[in-house]
Amino acid sequence: MSNIFKKILFIFSIFVFTQNLIANEQIDVKNKLLDKMDKIIIIVQNKNIPISKRNNKIIDLLTPTFDFELMAKLSLGKKAWKELNAENKKKFTKLYVKRMEKSYSSKLDKYSNEVVEVKEIQQPKKNRIYLITDLVNNNKKLEIIYKYYKPKNQKLNKDNWLIYDVEILGVSILKTDKAQFKEFLQTNTIYALMEVISK
Amino acid sequence: MLKLLYILCLALVFFTGCSSKDISQINASTYPQEKKLTTDEDMNDELFDEFEDDTKTKDIFDPFSGYNRFMTSFNDKLYIYALTPISRGYNTVIHYEIRKSISNLFNNLQYPTRVTNNILQAKFQNAAEETGRFVLNTTIGILGLFDPAKNYFNLEAHEEDFGQTLGYYGVGGGPHIVLPLFGPSNLRDAISIIPDSYLNPIDYTNREWFTLTDTWWTYLGAKSYEYVNEFSLNVDSYDRLKEDSIDLYPYLRDVYEQYRDKQIKE
């Protein structure tokens with residue numbers, strides 16, 4: 001009888017151990033994000049740093065967590081991406097990353113004491129984690145979901161979990177960009193698109 | 001016996017990975033011709049397939065795109081050249097706290113709309129909370145000027161309108177329509193303004209029940225004031241939203257439809 005009990009306990013402990021590993025992964029991702037946000041807030045609140053330098057510092061901090069290259073690719077869509085030659089692929093990615101950085105920097109300029117609170121962590125697949133957060137200011141909450149994936153092979157100078165999409169109040173950056181690019185390319189060339197996003 | 005089982009378990013748990021690897025190696029060496037070189041193209045295909053669900057965009061029914069484009073640029077000019085300067089002027093004269101209170105007041109008046117639509121969607125808990133909010137804010141919050149329900153009683157607002165109620169029962173958005181002044185909408189949400197307005201005490205028709213305004217002019221005045229006051233609280237929001245657009249009309253249309261989908265799902 002006691003043998004059976006021990007066996008069950010053993011199998012159960014293995015089960016707990018593996019579950020624990022999954023939970024740890026989620027907590028790691030969460031802590032990393034909150035840690036980054038704290039660092040960003042400290043930089044933003046320091047009024048002695050000139051704005052351009054401040055923005056560069058923050059972008060350096062965020063770059064290892066975001067897979068901008070993947071976002072560029074996905075937002076252009078399979079068909080349009082495949083039609084580009086290697087050089088233009090590189091060029092488009094570079095312009096897309098610059099555009100994201102610019103957009104993020106301009107949002108930082110409007111920062112006024114918001115705090116990030118993680119309210120839920122979801123793991124819809126083994127290699128996906130969604131951090132559901134609220135950006136809280138003056139009792140007002142803005143729901144932002146950070147969507148992470150784990151690449152098969154860790155990328156150079158990148159974290160092992162990477163953000164590939166951000167959803168603000170249900171509006172996904174990836175989906176919105178994809179729809180925009182698709183519609184634009186129906187009547188314009190990819191060169192015109194690159195011209196527009198470089199502005 | 002127990003030891004044997006332990007070893008078996010350990011072997012099962014920790015070496016399954018290794019054993020499957022062994023089999024694959026055997027296969028690879030036995031049938032080398034089947035070994036495929038993964039090219040950049042294959043990797044790209046795999047990547048796009050993996051993220052297909054994340055990038056799937058809804059095709060929006062848009063038969064009025066010509067008119068919509070025109071109305072979007074009309075609204076854009078209106079926001080830039082009329083509403084923004086008016087709101088900025090208003091902001092410098094009226095303190096934020098006062099504007100916030102006025103917004104609370106108008107918001108409190110929309111309680112009948114919210115509670116009805118919560119009930120219509122069988123969200124009884126939310127309807128009860130809305131009622132609690134209305135009672136607290138109308139009394140302690142002085143006719144809704146303040147929001148003690150949220151600040152002291154932790155009662156959150158549950159915004160629901162008739163468009164969301166219809167969406168909840170599976171009614172699709174229909175063609176996208178950009179409304180003058182109010183911006184992006186669709187057939188479902190535009191029509192829903194009518195039943196919602198019946199529940200609003202700011203109204204222009206002669207009703208049997210209590211309304212705050214009775215004539216067109218008082219109605220229009222109250223509505224415009226509510227609109228400008230609301231805009232003044234978020235003057236920069238529109239500009240900030242616009243920054244990420246490549247082509248304003250489809251961008252706003254998409255943002256609106258995604259946002260409404262999210263509201264309906266909640």
Mind checking the dipole of segment A:2-197: about its Cα centre, +1 per Lys or Arg Cβ, -1 per Asp or Glu Cβ, Debye to the nearest 20?
500
Would you report the distance distribution of C-alpha pairs in the protein assembly as shown as whole percents per 10 angstrom bin, up to the bin with the largest distance?
3, 14, 24, 24, 17, 10, 5, 2, 0, 0
Length gained when the stretch B:ASP49-B:VAL135 is fully extended (0.36 nm per residue, less Cα-Cα span)
25.7 nm
Taking each residue of A:99-107 in turn, how many C-beta atoms of other protein chains fall within 10 Å of its C-beta, and what is the average?
2
5 Å-binned pair-distance histogram of segment B:82-265 (Cα, whole percent)
1, 7, 13, 16, 19, 20, 15, 6, 1, 0
With label points set 7 Å from each Cα along the Cα-to-Cβ direction at A:ASP60 and B:GLN125, the distance between them in nm comes to 4.7
In segment A:2-197, if the dipole is taken from +1 on Lys/Arg beta carbons and -1 on Asp/Glu beta carbons about the Cα centre, which of A:ILE27, A:LEU74, A:VAL115 is farthest to the positive end?
A:LEU74
Too-long pairs where the Cα-Cα distance tops 24 Å, listed order kept, from A:LYS119/A:LYS155; A:LYS98/A:LYS141; A:LYS36/B:LYS58; A:LYS90/A:LYS158; A:LYS94/A:LYS199; A:LYS79/A:LYS175
A:LYS119/A:LYS155; A:LYS98/A:LYS141; A:LYS36/B:LYS58
The protein assembly as shown: antiparallel bridges as % of DSSP beta bridges, rounded to 5, reads 95
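Since every read-out is calculated from the coordinates, none of them should be taken as a lab result. What you see is a predicted model; the values in this text were computed from it and never measured. Reconstructed Cβ throughout: ideal geometry from the backbone, glycine too, with neighbour counts over all protein chains shown.
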